[in-house]
Structures are given as C-alpha cells and as structure tokens.
Amino acid sequence: MTMSSSFTRIEEKVHAGERLDFEDGCALFLEPDLLRLGSLANWVREQRHGDRTYFNVNMRFEATNVCEASCSFCAFAKLEEGAPEAHTTTHEEAWKELAEFPDPRLSELHMVNGLHPHLPFEWYEELLRGWKRVRPAVHLKCFTGVEIHFFASKFQLSYEQVLTRLKAAGLGSLPGGGGEILHPDVRRRIATDKASGAEYLAAHRAAHKLGVPSNCTMLYGHIETFEHRVDHLLQLRALQDETAGFQCFIPLAFHNENNALRKLPEPTAVDSLRTLAASRLLLDNFEHVKAYWVSMGIATAQLGLRFGADDLDGTIIHESIYHSAGSRVPMALAREELIRLIREAGRVPVERDTTYGVIEELPRAVVPEAALKVRDRMANKRALAVMSGS
Amino acid sequence: MGRVLSRALEAAGLAELAGQLLSGDALTAEQLVRVGDVDLLLVAGLADTVRARFHGDEVQILSSRELQGGGRVLFDQTVTAAGATGAELLRELALLRLTTPGNVSVAVSLETLGLELAQTALVFGADTLVGDLGSSRTLPLLDGPTARRRELEGLVARSGRRVRGVTPDASIAESAP
C-alpha cells in the first residue's frame with residue numbers, strides 16, 4: 001500500500017470512529033503531507049472541543065534539583081547536595097513563594113523535583129501541608145510517576161501508601177513528567193537508573209485507582225524511532241482504557257544543551273507539529289492534548305492549536321528544567337499573552353483549573369473588517385522592496 | 001490535498017478557487033476577501049498546493065544578494081502588526097502565495113522569521129529560504145558557513161523537502177534518527 005492510500009484509509013477510519021493501530025500510527029509519522037495530517041488531527045480536535053482552547057494560571061516550583069538519577073537528556077539535575085548550582089529549598093522559602101505569589105487568579109502549583117537521596121518522606125508531606133495552609137484553594141500538581149516510584153522504593157512503601165499519604169497532605173494530581181520513552185530499548189540508554197516504563201505506568205495506575213488524576217508525557221526527538229513513539233502512545237492509551245485517569249497528554253521536545261546528548265539535533269517545528277497531530281489521532285480516549293509552549297516554543301505551540309492540541313498550559317512562572325537544557329522561551333507568559341496567542345490562532349480562550357473545570361470562558365477575537373485587511377495587504381504588497389521580475 | 005481539506009474547501013465555497021490557482025492565476029483582491037479569514041489550515045492547504053504544483057519539493061537557499069535574480073517575491077513580515085504571532089505571520093505568508101502568480105517563487109527570510117517559523121513556512125507556501133549563512137543569528141547551533149548550510153539542509157529535509165542541488169542524505173531525511 002502506498003503512503004497516500006495508507007493515509008486515505010486512516011482518514012476513513014478516523015471519520016468512522018475506528019481505532020488506529022500500530023501500523024496506522026507509524027504511517028502517521030511517515031505521512032509526507034504535514035497539512036493533510038494536521039487537518040485530520042484538527043478535525044478530531046474540533047469534534048471534541050470546537051474552538052475552545054484551554055490555559056491556566058499556574059506556577060512552577062522545583063523544591064530540589066539534587067537527583068541520584070543520571071538521565072542523559074537532563075541538564076537540570078545535580079548529583080549531590082553541595083555540588084555547584086545544587087539547590088534544595090527550605091519549607092519556609094517554598095511556603096513564602098506561594099503565599100506571596102501576586103496573582104489572585106493562581107489556581108495551580110506544579111512541582112517536579114530531582115530524586116533527592118537524603119530528604120525524608122515526611123519532608124515532602126510537610127511541604128504540601130504548609131502550602132495548603134498558606135493558600136488552600138491552589139491545586140497541588142506535584143511529583144511525577146518517577147518520583148512516586150522513587151518514594152516507594154526508598155521508603156519501603158507501596159505506591160498506594162505513598163499516594164495516600166501525599167493525598168492526605170494536600171496532593172491534588174500528578175504531573176506527567178518522567179514518561180520519556182517507555183520502550184525498554186530506549187529507556188535503558190537514556191534513563192537507566194530510575195523508574196522503568198512499566199513502573200512509571202504502575203505509579204499512574206495506582207494514582208488513578210485512588211482518585212488522583214494525572215497527566216502523561218513523551219520526550220521525543222532524541223535517539224528513539226517513530227516505532228518507539230507509537231509504542232509509547234499505545235501503552236498510554238491502553239492504561240487510559242483501563243483507568244480513564246489521564247487528563248491530558250503532553251509531548252515534550254528534546255533539548256540538547258548542557259546534557260550528554262548535546263551532539264544530537266533537536267526536533268524541529270515540523271516534527272513537533274507532526275508529533276502533536278499523530279498523538280491526537282492515536283490517543284482516541286484522551287480528552288486533551290497539550291502544546292506545551294516551554295517545550296516546543298511559543299510559535300510552534302500556537303500553531304499546534306491547529307494540529308490537534310487544545311491546551312497551551314499556563315503562565316508557568318519560572319521553569320528550570322527546560323531552561324537548563326537551552327530553552328530560549330521566556331520564563332513566564334502573562335495571562336493576557338496566552339489569551340492573545342489563542343485568539344490569534346482563531347480559537348476561544350478558556351481559563352481552566354487543573355482538572356479542566358472552567359474558570360472563565362473569554363470571547364473570541366473581534367475579526368477586523370476583511371476589506372480593510374485586504375486593502376492593507378494589497379498596498380503592502382505593492383510596496384515590497386524586493387520584488388524581482390514583476 | 002487530503003479529503004479533509006477538500007471537504008473543507010467545498011464547505012467554505014472555495015473549491016473553484018483551487019482550479020484557478022492551479023492554472024497559475026493569482027487571487028484577485030475580491031477573492032482575497034473570501035479567503036482572508038478562513039481557517040488557517042485551509043489557507044495553508046491552498047498555498048501548499050500551489051507551491052507543490054509550480055515549484056515541486058525543491059527548496060532554494062539563497063543569500064540576500066542572490067535574491068536579486070528574477071521571478072521571486074520576498075515575504076515582508078511588516079505587512080503584519082508589530083509583535084504578530086506565528087499564526088498571523090504564516091497566514092499572511094500563505095495569502096501572499098495565493099495573491100502571487102503560481103510561477104513566481106515565494107521566499108522567506110531566515111533573519112527576520114527565525115529558523116522555527118522559516119521551516120514551518122515551507123508548508124505554508126514558501127519555496128525559497130533567504131539568509132546569510134555567515135550570520136550567527138541565522139543559525140546559532142553550528143559554526144561556519146558550511147556547517148550552517150548543512151544544518152539548514154537538515155531542517156529542510158525534516159520538513160519533507162530537499163534543497164535544490166543537494167543529494168538527499170538519508171541520515172537527515174526524516175526526523176527519526
């Protein structure tokens with residue numbers, strides 16, 4: 001079957017509501033016509049959400065970058081306390097940062113940490129409790145599946161015990177980080193000394209069973225193949241079939257600065273758009289697919305809203321993990337800027353909380369007079385300085 | 001053009017414009033009114049169809065000096081408001097493709113658009129990249145014009161296209177390493 005006829009078959013399956021399989025997934029990544037792929041993903045996205053596009057007002061927090069794992073793609077972790085740039089916050093610093101966060105609209109604190117070899121489990125519980133004391137309405141989206149696995153191993157607890165205690169301390173949901181690539185052939189080469197793919201999924205399964213929703217991710221564009229990406233997505237889809245606990249999928253673009261994979265090129269904008277679209281089409285049981293602007297860049301994330309994504313993430317405020325690896329996007333985006341990006345992509349901005357409850361649905365952009373736009377365009381076109389052969 | 005795009009064109013009442021564009025004629029100002037605010041991917045689909053029909057999959061990389069050749073128009077992003085977002089810029093680029101005769105090339109500047117958007121521009125109607133390969137601003141990752149040119153060829157290959165005069169390199173032809 002040629003690529004084009006293969007894609008025609010995929011289009012038919014999608015329109016008929018049939019599930020795509022592994023072979024279809026590989027064909028999505030190999031489809032040369034990016035706009036055709038994007039249009040199909042956009043159709044699915046609009047069937048689910050119309051023009052509604054979600055964002056939130058959130059802040060990032062990293063309590064410690066000390067980490068006993070040595071993932072080859074990571075530029076954030078420091079192996080031990082006392083190493084240059086190693087940092088572990090105090091409870092007081094962490095609570096103060098949240099208490100003094102100036103925006104009353106803040107609805108989420110998103111924390112991801114290194115796997116600190118010495119902090120006791122009670123330290124994390126107290127961190128959450130303190131945050132709940134100073135700002136009880138803020139949702140705590142904290143600890144990746146990898147961290148949950150680390151706590152269980154280190155403190156001789158089951159996933160259920162870890163999660164039950166953290167939930168009692170204020171945990172609301174788990175972020176999706178740490179998924180990387182689930183396939184063992186890749187994972188053993190880039191993330192050998194932390195949770196395996198199966199353990200990452202097991203931690204999320206346990207969370208879902210306790211009523212703790214979570215997100216999930218895929219780090220793409222390094223040593224993996226398209227087949228590994230499809231395998232990863234299908235593993236996530238299978239768990240979602242079982243638990244329905246994932247809220248959102250977030251593809252994360254590999255960055256190549258200050259890490260052991262620095263000789264690899266980073267994924268391009270076209271690859272990011274292709275990955276978003278393929279994810280939207282394969283993950284037929286996921287309500288949301290996010291174009292995370294910190295990971296793929298602001299311009300590509302905005303375009304992603306036409307390639308299957310329905311969420312831009314949030315204001316972030318001080319992200320360290322991607323910026324350590326060379327991300328050149330700002331540390332934060334103002335709420336107004338997120339709204340502008342969504343509107344100028346022709347979408348309707350919806351401010352949400354972490355679990356996709358609607359806080360405010362904003363009006364779509366006012367469309368300027370088409371005739372005026374055309375007149376401007378034609379005038380500008382005539383004024384182009386470089387116009388050869390005309 | 002895929003089924004979704006074809007259907008969307010029909011639904012928007014724009015199907016007959018595709019025939020006109022594929023015969024090489026640019027849209028008139030009146031027709032531009034009709035497509036100016038339709039879905040971004042629809043405009044892009046039309047522009048990309050024209051690009052493929054008249055310029056194929058080859059991408060030219062030119063210096064600013066070489067641009068003064070003939071049969072080309074350079075996308076001028078000042079047609080958009082200051083601080084325009086990527087989606088706005090690419091819409092204007094696609095509209096430039098549609099209002100330019102099919103046989104005229106559409107070029108984008110690496111300097112002003114940046115690598116990220118310039119690569120994406122190749123699926124929104126552009127067939128030529130213009131930039132100074134000696135400029136560190138253009139291609140920050142590698143040193144030297146030769147390395148920068150190779151980096152650029154890789155970006156083009158990863159968008160599913162090939163640089164004119166360059167034999168495709170299997171190692172960079174797709175984004176899966």
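Using alpha carbon coordinates only, what is the Rg to Rh ratio of segment A:181-303, with Rh defined as the Kirkwood radius? Write down the numbers at each step before the final one.
Values: Rg = 14.3 Å, Rh = 15.0 Å.
We get a ratio of 0.96 for segment A:181-303.
Taking only the Cα atoms of chain A, the radius of gyration and Dmax are 21.5, 76 Å.
Give me the orientation-averaged projected area of the Cα convex hull of segment A:133-180, in nm², one decimal. Working shown, then result.
Numbers: hull surface 14.6 nm².
Average of the hull's projected areas for segment A:133-180 equals 3.6 nm².
For chain A, a crude dipole built from +1 on the beta carbon of Lys and Arg and -1 on the beta carbon of Asp and Glu, taken about the Cα centre, is about 860 debye to the nearest 20. Distance from the Cα centroid of segment A:237-269 to that of segment A:190-212 is 15 Å (rounded to whole angstrom). When the helices of the protein assembly as shown are scored as -39500 (n - 2.57) per DSSP H run of n ≥ 4 and the total is divided over every residue, the value at 222 nm lands at -13500 deg cm²/dmol.
If the chain between B:THR78 and B:ALA12 were fully stretched, how many nm would it gain, using 0.36 nm times the residue separation less the Cα-Cα distance?
20.9 nm
Where a ≥ b ≥ c are the square roots of the eigenvalues of the C-alpha gyration tensor, would you call segment A:79-213 rounded, which needs a/c under 1.5, or, failing that, prolate if a/b is larger than b/c, or oblate? Prolate, since a/c reaches 1.5 and a/b exceeds b/c.
Along the axis of the charge dipole computed for chain A (Cβ charges of +1 for Lys and Arg, -1 for Asp and Glu, origin at the Cα centre), the listed residues A:ALA299, A:LEU236, A:THR164 are led at the positive end by A:ALA299. Since only A:HIS110, A:SER272, A:PHE121 are under comparison, the one whose Cα sits farthest along the positive direction of the charge dipole of the protein assembly as shown, derived from C-beta charges on Lys, Arg, Asp and Glu, is A:SER272. Can you classify segment A:175-240 as rounded, prolate or oblate using the Cα gyration tensor, where a ≥ b ≥ c are the square roots of its eigenvalues, rounded means a/c under 1.5, and otherwise it's prolate if a/b beats b/c and oblate if not? Taking the square roots of the gyration eigenvalues as a ≥ b ≥ c, segment A:175-240 is prolate. Remark: the Cα gyration tensor places segment A:51-94 in the oblate category, a/c being 1.5 or greater and a/b not exceeding b/c.
Rounded to the nearest angstrom and listed largest first, the equivalent-ellipsoid semi-axes of segment A:144-214 from its Cα gyration tensor are 22, 12, 9. Per-residue shielding of A:306-318, expressed as the average number of other chain Cβ atoms within 10 Å of the residue Cβ, stands at 1.
Enter the mean number of other protein chain beta carbons within 10 Å of the beta carbon of each residue in A:258-266, as an integer.
Details: counts 0, 0, 0, 0, 0, 0, 1, 9, 1.
Averaged over the peptide's residues, the number is 1.
Where does segment A:32-131 land on the Kirkwood hydrodynamic radius, alpha-carbon pairs, in angstrom? Across segment A:32-131, the inverse of the average 1/r is 16.9 Å. The distance between label points at B:ASP37 and A:ARG335 comes to 2.8 nm (points 7 Å beyond Cα on the Cα→Cβ vector). With the highest mean first, a sort of the peptides B:112-123, A:97-108 on other beta-carbon atoms found within 10 angstrom per residue produces B:112-123, A:97-108. With a cut-off of 12 Å between beta carbons, the residues surrounding A:ARG60 carry a summed charge of -4, where Lys and Arg count +1 and Asp and Glu -1.
Are any of the pairs A:LYS167/A:LYS209; A:LYS141/A:LYS167; A:LYS132/A:LYS194; A:LYS194/A:LYS263; A:LYS141/A:LYS209 more than 21 Å apart by Cα-Cα distance, and if so, which?
Values: A:LYS167/A:LYS209 13 Å; A:LYS141/A:LYS167 11 Å; A:LYS132/A:LYS194 29 Å; A:LYS194/A:LYS263 23 Å; A:LYS141/A:LYS209 17 Å.
Beyond 21 Å: A:LYS132/A:LYS194; A:LYS194/A:LYS263.
The charge dipole of segment A:163-276, taken about its Cα centre with unit charges on the Cβ atoms of Lys, Arg (+1), Asp and Glu (-1) only, comes to about 320 debye.
Suppose every Lys and Arg Cβ carries +1 and every Asp and Glu Cβ carries -1, with no other charges. What dipole size does segment B:58-127 come out with about its Cα centre, to the nearest 20 debye?
Details: 4 positive and 8 negative charges, 29 e Å.
Here the size comes out at about 140 debye.
Applying a 4.7 Å cutoff between beta carbons, the unpaired cysteines of chain A are A:CYS26, A:CYS67, A:CYS142, A:CYS216, A:CYS248. The relative contact order of chain A, computed from alpha carbon pairs under 8 Å that lie at least 6 residues apart in sequence, is 20 percent.
Shielding value for A:332-338 is 0, the average number of Cβ atoms from other chains within 10 Å of each residue's Cβ. Relative to one another, the C-alpha centroids of segment A:279-337 and segment B:34-52 are positioned 25 Å apart.
At a 10 Å Cβ-Cβ cut-off, how would you order A:CYS71, A:CYS216, A:CYS248, fewest neighbours first?
A:CYS71, A:CYS248, A:CYS216
Counting Lys and Arg as +1 and Asp and Glu as -1 over every other residue whose Cβ lies under 13 Å from the Cβ of A:LYS167, the net charge comes to +3.
Available extension along the chain between A:LYS263 and A:ILE359 is 30.2 nm, counting 0.36 nm per residue and deducting the alpha carbon span. Residues with beta-carbon under 12 Å from that of A:THR315, excluding A:THR315: net charge, scoring Lys, Arg +1 and Asp, Glu -1? Charge balance near A:THR315 sits at -4.
Every read-out reported here was derived from the displayed coordinates using simple, explicitly stated rules and does not represent laboratory data. Worth saying up front: this structure is predicted, and the values here are computed from it rather than measured. Counting neighbours? That spans all protein chains shown, and the Cβs are built from the backbone with ideal geometry, glycine included.
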